[in-house]
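The values are calculated or read from the model by the stated rules, or taken from the named source; none is laboratory data. Predicted model only: the values in this text are computed from it and were never measured. Every residue, glycine among them, receives a Cβ derived from its backbone with ideal geometry; neighbour counts consider all protein chains shown. When the accessible area is computed, the model is the full protein with side chains, heavy atoms only, and any ligands, DNA or RNA have been set aside. Shrake-Rupley method; radii C 1.70, N 1.55, O 1.52, S 1.80 Å.
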Amino acid sequence: MVEEFNSVLKNRSFIYIWTSQILSQLTINIMNFIILIKLFAQTGSAIATSLLWVTYALPAILTGPIASTFIDMVDKRKVLMITNLLQGLTILLLALSHRTSIFILYEVVFIYSLLNQFYVPAEASTIPSVLKKNDLTRGNGLSFITQQASLVLGFGVAGLLNHLLGFDNTLYLCSVLLFMAFMSVSF
């Protein structure tokens, strides 16, 4: 079965995009979970935590279709680089300023999700441009598996990272992962 994926896994351009996806998806899930932990620990409110998911969903509703259309007109590689870099900076700024107000958690989730509305379609539309037609099924399959696995792994390790490293250091780690995703796409 692994042999079927050899041509996809030997494609350096795909590997760079896939690495970016792995790091980006893992980071978003770690970040969402630790922000959820932080928000509940500070407020004790289920409503406050549910509003976090509303904040995360709003950019998809407000800009999703526009972002997808925009992606078709611009250099996808630049969009991937810019969104990873801005997401990393957003997380870094959160690590440096989250003590000022609980509302900054909502702002960061909104900004991160807004940037993700550009990242995800750029990533999805880049895969067909770096793979041969007969490799698309396998490449898209790896991409889908990555999305699902990063959800499980990200949520699975987020609590552990938060416990071992603390909130700030976990955010710094997430920022570094996004910078690595930026570097991967830049190659």
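When every residue of region 106-121 is checked against the conditions, none turns out to be more than 21 Å from residue 43 (Cβ to Cβ), open to solvent by 70 Å² or more (accessible area, probe 1.4 Å) and either β-branched (Val, Ile, Thr) or touching a helix residue (DSSP H, G or I) at 6+ places or on another chain (Cβ under 9 Å) (or both).
Which residue is nearest to residue 83 (Cα to Cα), if the candidates are limited to region 149-177 and must be open to solvent by 60 Å² or more (accessible area, probe 1.4 Å) and β-branched (Val, Ile, Thr)? Going through the qualifying residues, I end up with 176.
Applying a threshold of 6 Å to beta carbon distances and a minimum spacing of six or more residues, or different chains, the list of pairs starting in region 168-187 at a residue that is in a helix (DSSP H, G or I) and ending at one that is open to solvent by less than 40 Å² (accessible area, probe 1.4 Å) and of a type in the set (Val, Ile, Thr) reads 170/34; 171/91; 174/27; 174/30; 174/91; 175/91; 177/27; 178/27. Highlighted here would be helices (runs of 4 or more DSSP H) found entirely within region 6-95 that include at least 1 residues which are at positive phi, but there are none.
Residue by residue through region 54-65, note down the ones that are open to solvent by 60 Å² or more (accessible area, probe 1.4 Å) and at pLDDT 90 or above. Selection gives 54, 56, 58, 61, 62.
All told, residue 9 falls short of being in contact (Cβ under 8 Å) with a residue 24 or more places away in the chain and aliphatic (A, V, I, L, M). Output the residue which, of all residues in region 96-105 that are surrounded by fewer than 18 Cβ atoms within 10 Å (Cβ to Cβ) and assigned to a helix (DSSP H, G or I), is modelled with the lowest pLDDT. Per the criteria, the residue is 97.
Only residues that are buried (at least 21 other Cβ atoms within 10 Å of the Cβ) and either at pLDDT below 90 or not aliphatic (A, V, I, L, M) (or both) were counted across region 1-28, and they come to 8. A residue that is closer than 18 Å to residue 159 by Cβ and in contact with a helix residue (DSSP H, G or I) (Cβ under 6 Å, 6 or more places away or on another chain) can be found somewhere in region 39-46. Pairing residues of region 137-160 that are closer than 22 Å to residue 171 by Cβ with residues that are open to solvent by 40 Å² or more (accessible area, probe 1.4 Å) and assigned to a helix (DSSP H, G or I), at Cβ distances under 8 Å and at least 6 apart in sequence or on separate chains, gives 150/22; 154/33; 155/33; 158/33; 158/37; 159/33; 159/37.
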